[in-house]
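These notes are about the structure you will find just below.
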Amino acid sequence: MSSIEVRLLEKPSDTELDDASQVLAKAFEKDVFVASCIGGDQSLNIAFQRATIAAAAVAGKVYVASYEDIKVAGVAAWFGPGRGLLDSPDQGEAGYNALLASFPPELMKWWMEYFLPKYNAQTTSALGEGVKLGAWHLQMFGVLPECQGKGVGSSLMTVMESKAFAEGKTLCLETDSEHNVKMYEHWGYALKGKDDYESSTGGFTLYILEK
């Protein structure tokens, strides 16, 4: 059996954040949701991933998994009950402020006037008022393409699932992939809703799941 080790990044260094963001950028290189979030500009992919996991490192939990001799093969960033992405200034200071400032005006408008309001409404409709905020929410999750299907992702998920269940909490997440919906359902998650989003890169469908 191949060796997989999962570890929590506690107060991660810049190098650790860089390594994790590189993995996520590769995992999401062809992802339609990420393409929409960065306006199709792949040069922003790493900055988007880094800002997200840096925020989670401030207010949530970031786990990485190694696979054989690959030090970082997968990454999972979570926000726990009562916390969420950019709910405090220090999260923005960790990278999102600079990221958003780099966006062209039309992309910033898409985020603030379209995507975020619709996303918040969708999660509330699918899960119920306050459910997401009371759960462990998977903000970002990715595995290197060459390491997918080898147990890296499930190992990352199992660590947080054990913690959440011990606390009596649920878990929730989103994906834009029907393939991933089937994967999560195989892991015991239930599909709670889906909705279509428009964007300059062609849009995407967002699925919401809970366990």
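Test MET140 against the stated conditions and say whether it is under 23 Å from SER199 (Cα atoms), of a type outside the set (Asp, Glu) and free of Cβ contacts under 8 Å to residues at least 60 places away in the same chain. Answer is no for this residue. Do we find a residue being part of a strand (DSSP E or B) and either modelled with pLDDT of 95 or more or out of contact with any Leu (no Cβ under 8 Å at 6 or more places or on another chain) (or both) anywhere in region 152-172? Yes: region 152-172 contains one or more residues that are part of a strand (DSSP E or B) and either modelled with pLDDT of 95 or more or out of contact with any Leu (no Cβ under 8 Å at 6 or more places or on another chain) (or both).
If you go through region 70-90 and keep only what is touching a Gly at 6+ places or on another chain (Cβ under 9 Å) and either among the charged types (D, E, K, R) or within 19 Å of ALA20 (Cβ to Cβ) (or both), you end up with GLY74, VAL75, ALA76, ALA77, TRP78, PHE79, GLY80, ARG83, LEU85, LEU86.
Taking the criterion of being surrounded by 14 or more Cβ atoms within 10 Å (Cβ to Cβ), under 16 Å from the mean Cα position of the chain (by Cα) and farther than 23 Å from THR158 by Cα, the residues of region 23-41 that qualify are ASP31, VAL32, PHE33, VAL34, ALA35, SER36, CYS37, ILE38.
Cβ-Cβ distances below 7 Å connect the following pairs, each with a first residue in region 83-112 that is over 22 Å from GLY40 (Cα atoms), a second residue that is assigned to a loop (DSSP other than H, G, I, E, B) and modelled with pLDDT of 95 or more, and a separation of six or more residues or different chains: ARG83/GLY60; GLY84/LEU133. Scanning region 188-211 for residues that are part of a loop (DSSP other than H, G, I, E, B) and either closer than 17 Å to VAL34 by Cα or aromatic (Phe, Trp, Tyr) (or both) yields TYR189, GLU198, SER199, SER200, THR201, GLY202, GLY203.
The values are calculated or read from the model by the stated rules, or taken from the named source; none is laboratory data. Since the model is a prediction, treat every value here as computed from it, not as a measurement. No Cβ is skipped: glycine too gets one built from the backbone with ideal geometry, and neighbour counts run over all protein chains shown.
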